[in-house]
Each structure stands twice: as C-alpha cells, then as structure tokens.
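The values are calculated or read from the model by the stated rules, or taken from the named source; none is laboratory data. As the structure is a computational prediction, the values presented were derived from the model and not from experiment. Neighbour counts run over all protein chains shown; Cβ positions are idealised from the backbone, glycine included.
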Amino acid sequence: MTIALSFIFGVHCHQPVGQLESVIDRTADDCYFPFFRAVEEFPSFKLCAHFSGALLQQIEPRRPELIALIKTLVGRGQIELIGGAMYDPILSALPEADRSGQIRRFSDYLEKKFGNRPKGFWPAHLAWEPHLCRPIREAGIEFIFLDEQHVVAAGVDARGIHGVYLTEDSGHRLKILPINRNMGDAIAKKSVAAAVGAIREKAATGTDSSGLVLTFMDDIEKFSGRGGDGERGRDWTNAFLEAVQGIETVMISTPTEAIPKSAATGPIYIPPISAGGMWRGFFYNYPESNWTHKRVFGAAQKMGPVLDKLGSDREARAIRDLLDRAWCSDVYQRDDSGGLYAPHLRHAVFANLLEAETRFSKKMGVFPAIEEDDTDCDGQPELLAAVDDWIIAVKPAMGGGVIEWSFRPAYYNFQNTLTRRPEACHQSADPKPRRIILTPTGGESDDATRDVRRDIVYDRYRKSSGLLHALDPAVSLDDFKTQSLPEKTAADGPYECKTETRPETFSIHLKRNAGGFSFEKHIVISKHESRISVSASMQGPAVKNPAVLGMGLELFYSSESHLAVKFADSGSPGRFEGEFRGEGAEIEDGISRTRLRLTSDRPIRWMTVPSYTVSKSDSGLDKTFQGLSMLLVCEESDVPRQNLALTIDAGQIAGL
C-alpha cells in the first residue's frame, strides 16, 4: 500500500471557569461521552485532543467515568493529549514571567492525571503573537496548532498549504500544524461523504515520498453534539471513523507520528492575529474587559514573584491557582458562546481574583492603602483603595464614577456589569432572531413571546456608579429606562480630585464645574467596616433654570430569579422596575449571598430598572440580565443648591 498522506484528526474540548453545572452535565452527556465511546469502538483510529484544565477539573467530580474513559484511550495509544496553558488563557495577555509557568503547570497536571506529557500546544482562540515562541519552547513544547489563515498571513500561497511549517523568534524554534479549513467546512455540512472526499482529494496530490500532512482540529461540539442530539452525533461519528479508515492511501496518525515524516517548511513569520484580527482589540472596544485584564495583570505582577519565592508553600500554590483561573480567556472577549456577555463567567473571574488578593493580603500582612495609578492604561489615572472589606476604583476623568466596587468577604464585584453598546448582530437581517419568553418582571413564562431586538437599549455613558446628573425636575422612570434623561449638562466630564487618609477611613474628594453647575462628591471608605458613604451636592446657576440632583448606581447581579429588592415604602420585594419615594432600599442576592442596604439622608425618588443586553450566541440572539440600574433623585427645590447623602452597608447572607 502506498501512503500518500498522514491525516491528523483532533478535537478541542473546553468549558470556561465558572461554567454552569447544567451546561457541564449536558455537554458531557450529549457530546463528550458519545464521541469518545465511538472512538473506543475503533481501536485503530488515532487522534489528538486538547482538554482545558477548567473543563477537566469541572468534569472530574461530576463525570469520573468520562475521565476514566479518556485515560483508557490515552493508555492504549489512541489519543495524544495536546497541552496548553492551565485554564485556557490568551498566552500573550499574561505577564511574561507567568507564560511558561502556566504551560508547565498544565503539562504536569496532564502527566500526573493521564501519564502523558504533551509535546503539542493549543493556543486559546488561536491567538498568536511571534514572541510566544520563547515561553512555549521553554515549557518543553515542540509544536502548535494554528489556523491555515495564519500561514497565509505569513505569505504562503493558500493553494499549497500542507504539512509542517517552522517559525522562530530570537532563535526559539517552533513547528506549526496548520488546520485545514476545507475539512472544517465539510464536517460542518454534516456530510460524511464530503469530509472523506476532502481527505481523498488532498491525498491524490501526494506520493509515498511527499510527506503530505492534513490537519483537522475543531471544537468537539461541532463534531458530535449536533442539535443537542447525542445519538445522531454518534451515528455521524461512527460513519466518519469507519469511512476514513477505509482510505488506503491515508495513514491516520497522531501529531508526534506524522511530524517526523514531513520536512518542515520555513522559516515563516506569522503576524500577531487570531481568527478575527488582533485579539487585543477587545480591550479597546470593551473597557470592562480591559479593566478586568489590567486588574488581574497587576495582581499577577505584584504577587507572582512573592509566590514563586514561597515555592511549595501550600497556601502560595493555592493563591497561584486562583490567579491562573482568573486568566480564563472567555470573558475577555465577545464570542458566540457568550464570552464577555455571560454574567456568571465574569463573576467567576473576578471572584478568583478577589480571593487571591484577599488570601495574599492575609498571608503577607498587607495593610490598607489608597493609590493613584493608570491601571487600565488609557492615559487617565484612577484612584484605587484597598481596605479590609472593599476594593474601590474611582475614575475622576469619567465623571468621578466608581468602576470597581468589590466586596472582599464575598469575593464579589458589585460593579461587574456591562455597558449596553451597539453590536453587529443588532442590525442582523436574520428573519428568525431568537425569541425568549418573558413576564413583566423579566422571569420566564409560557404566556407570551417577543423578539429580543425590541428590547435593545444603549447606555449613554459607560456603566459606573456615582455619576451626578443635573436633571429637569420632570424626569420620569421612562426617561431613565430608555437612557434619554433630560440632563442640563453631561454627567461624565472630568473631576478634580484629592484624597485624605484618616485612622479609620480613606476619603476621595471630587469637584467639577460644567454647564453653569458646580458638582461636589465626597466618598468615604471605611478601612475596617463594610460601609461606604457618599455625599453629593450640586449648585445650579439660578432658580429660573431649575434642576434636580440625581445620582446613578449600576449594580451587577447574575440572575433575576435569586434577587430580592425591597424599598422602605414597598412590600414588593421582587419588583425590579418602578419608582418609589423613601429613605432606603435593601437588595438581597442568593447567588452572591450578599445584602446591600442603601440609606439616604432624606426621602428621595428611587428609580429602578433591570439592565439587559442583547447579544449573539450559537442559538441566535440572547437577552441576558446583567443587573440593576438605579437613579436616586432629589425632590424639587426652590434653592439652587441641592445635597444628597447616601450610606451603603454590605453584608453576607447565610442559608439562601
């Protein structure tokens, strides 16, 4: 038999840190089990598989039999495990000192769990930058997978891409297996004949001495979980595996078997791109992603060297693992699986970061501090206060808004919400956008459906808390809900600021003049209690041009069904939309197990609306609850100066 082609078949298996247990169970039962059981029935079929550390750690306690099946297939040589960084981060997003470490930690994990130390590397979201050659090679990796379009971007003729390629940076050499797009398209069309035909067509161009290598690798869900029907997926898989093994001129190989048979072409130099351009562009388009990244990056830079010196110290290793988890790539970008738009995933990343910082502070005896720094690298500094119970970040250049409001005892960031902004999917011509079932309070019901595109609202400002508004006295709840507030001047202009340190508190004083109005804001953060106080004032130009002072709050919550909101004058704790008059509100959340008590110094108007985003997913358009928006409005007054004082007390709830 003349072998003209080595065929590498691979699957990528990943679920992000913090994924819902129901999703883990459903994907394991409908996708992973059917696929690997099918592979088990074809002992001569070989493949490679990348499992992210996040997926393996979530599956092991819930489906140990799946881990045992994979271990069996690895043991008999059917599966070559592909490495990566531990929790599927974008490698270039990590501090330079952490890159090789994450790869090594995952390789150690795979070797301990399955007895196989990987030689290959799967870059999360196929994001590549040339300087990654060094940390990948230093971690003991010999080859990586990239899309064939990466190779085209390096100047290689798309018509002749096959085999193995070689790249380098400063002498650090790395082999590349380009993933064939025709194979991916053929499998996506659900036709076994089309997929096998693509392999035969490539094999027809080679000889036993040509060293052709055809590489396919894609998400396992696209291969065996079609329509959520595991049996249908397994039938397709069985037919494909049997048909591929029947091609006489094709050798089904693992990467380490195929690579030595093909002379590497190179050197080629791939530009810094991912599937949709340069990955770092998400930081510009989504400031929330950028803030999260820079916070994790800064924590890793400060804590990493200390943790490395502590070596095998048990607590140091636990803190390092929390930091690694906070790098999980999904929430740093928008994708069809939810990504940044998935509130529970954003929460998981911040929870790991906050726990790492809190445990590190306790171990090292770090004292409360307040500092000025341009954390998010946008040229405008923030004030960042870290105390026993809070981490508070204020951005003076952006209306003096609070862009992080983290409650350390619960590892919860109340400001971890998402600004509603235009997306391409909002203008989609898709005649069948996803439809969801809603009740007046936002819950699910069988009574009515509506097109989610009707619910699109764009925020006037980036979501932050504490913005001060000079409002027309006739401002209504509908104005607030539709983001059409009748403002006398923009609320997000720059403030002058100074800080004050006292034995028990940090204070931030902010002042701004705009549009004939003078605004002042005084934020007092308790060092040792779960309390924040905000005092605000507005001086108007004249009584003949009346305005009322408003203060906005944006509160992140990941689920409506576990949330209870109660105002002092209201007996409707489940009502999320409405206007009330009184001196306080209380919010309890069963997911984060937190309670917020908001108390004003006098009766005021409290406007509250739920915040939803509309984004694209694999199933269409999703309408997702992202939290609560609140507007506190002073009563109309004859005097041009108005004042508002708000006290915020946070606590934890047991037993919800």
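Taking helices (runs of 4 or more DSSP H) as the structural unit, those lying wholly within the range 94-203 and holding at least 3 residues that are among the aromatic types (Phe, Trp, Tyr) correspond to 96-114.
Among the conditions (1) without any contact (Cβ under 8 Å) to a residue 40 or more places away in the chain; (2) surrounded by fewer than 24 Cβ atoms within 10 Å (Cβ to Cβ); (3) of a type in the set (A, V, I, L, M, F, W, C), Phe121 misses just one, which is (2).
Given the criteria farther than 30 Å from His426 by Cβ, aliphatic (A, V, I, L, M) and assigned by TED's automatic domain parsing to the domain that holds Glu577, does Leu628 qualify? For Leu628, the condition - farther than 30 Å from His426 by Cβ, aliphatic (A, V, I, L, M) and assigned by TED's automatic domain parsing to the domain that holds Glu577 - is not met. Taken as a whole, the structure leaves Gln642 outside the set of residues that are in contact with a Pro (Cβ under 7 Å, 6 or more places away or on another chain), among the polar types (S, T, N, Q) and at negative phi.
Looking across the range 504-532 at every residue that is polar (S, T, N, Q) and surrounded by fewer than 18 Cβ atoms within 10 Å (Cβ to Cβ), the one that is nearest to Ser406 (Cα to Cα) is identified as Ser507.
Looking at Thr256, is it at pLDDT 90 or above and not assigned by TED's automatic domain parsing to the domain that holds Gln78? So Thr256 does not fit the description; no. Checking the structure you have, find out if any residue of the range 39-51 is crowded, with 17+ Cβ neighbours inside 10 Å, part of a helix (DSSP H, G or I) and in the same structural domain as Met217 (by TED's automatic domain parsing). Yes, the range 39-51 contains a residue that is crowded, with 17+ Cβ neighbours inside 10 Å, part of a helix (DSSP H, G or I) and in the same structural domain as Met217 (by TED's automatic domain parsing). Screening Glu583, Glu588 for residues that are over 29 Å from the mean Cα position of the chain (by Cα), in a strand (DSSP E or B) and closer than 29 Å to Asp389 by Cβ leaves exactly one candidate, Glu583.
Residue pairs, Cβ under 8 Å, 6 or more apart or interchain, first in the range 624-641 and assigned to a strand (DSSP E or B), second acidic (Asp, Glu). List them. Between residues of the range 624-641 that are assigned to a strand (DSSP E or B) and residues that are acidic (Asp, Glu), the close pairs are Phe625/Glu560; Gly627/Glu554; Leu628/Glu554; Ser629/Glu554; Met630/Glu554. Residues in the range 610-648 that are of a type in the set (Val, Ile, Thr) and surrounded by fewer than 21 Cβ atoms within 10 Å (Cβ to Cβ): Thr624, Val639, Thr647, Ile648.
Please work out if Gly18 is assigned to a strand (DSSP E or B), of a type in the set (Gly, Ala, Ser) and touching a residue at least 60 places away in the same chain (Cβ under 8 Å). The answer is no for Gly18.
Out of the residues in the range 124-137 that are touching a residue at least 60 places away in the same chain (Cβ under 8 Å) and buried (at least 23 other Cβ atoms within 10 Å of the Cβ), state the one that is nearest to Ala264 (Cα to Cα). That would be Trp128. Is the range 339-348 home to any residue that is modelled with pLDDT under 95 and surrounded by fewer than 16 Cβ atoms within 10 Å (Cβ to Cβ)? Within the range 339-348, none of the residues are modelled with pLDDT under 95 and surrounded by fewer than 16 Cβ atoms within 10 Å (Cβ to Cβ). For the residues Gly155, Gly160, Gly140, the requirement of being assigned by TED's automatic domain parsing to the domain that holds Ala97, surrounded by fewer than 16 Cβ atoms within 10 Å (Cβ to Cβ) and under 17 Å from Pro271 (Cβ atoms) singles out Gly155. Residue-level analysis places Lys362 among those that are surrounded by fewer than 24 Cβ atoms within 10 Å (Cβ to Cβ) and without any contact (Cβ under 8 Å) to a residue 40 or more places away in the chain. Looking across the range 358-388, the residues that are over 21 Å from Gly401 (Cβ atoms) and of a type outside the set (Gly, Ala, Ser) come down to Thr358, Arg359, Phe360, Lys362, Lys363, Met364, Val366, Phe367, Pro368, Asp388.
Within the range 451-503, the set of residues being surrounded by fewer than 17 Cβ atoms within 10 Å (Cβ to Cβ) and among the polar types (S, T, N, Q) comprises Ser476, Thr482, Gln483, Ser484, Thr489, Thr499, Thr501. For the range 562-590, the set of residues classified as within 17 Å of Cys634 (Cα to Cα) and modelled with pLDDT under 90 consists of Phe567, Ala568, Asp569, listed by residue number. Scanning the range 248-301 for residues that are out of contact with any Ser or Thr (no Cβ under 9 Å at 6 or more places or on another chain), surrounded by fewer than 17 Cβ atoms within 10 Å (Cβ to Cβ) and part of a loop (DSSP other than H, G, I, E, B) turns up Ala263, Pro271, Ala275, Gly276, Met278. Pairs are defined by a Cβ separation below 6 Å, a sequence spacing of at least 6 or placement on different chains, a first member in the range 447-460 that is over 14 Å from Ala424 (Cα atoms) and not assigned by TED's automatic domain parsing to the domain that holds Leu621, and a second member that is modelled with pLDDT of 95 or more and surrounded by 12 or more Cβ atoms within 10 Å (Cβ to Cβ); no pair meets this definition. I'd like the residue in the range 219-247 that is in contact with a strand residue (DSSP E or B) (Cβ under 8 Å, 6 or more places away or on another chain) and crowded, with 17+ Cβ neighbours inside 10 Å and, out of all such residues, is modelled with the lowest pLDDT. Only one residue tops the list, namely Phe223.
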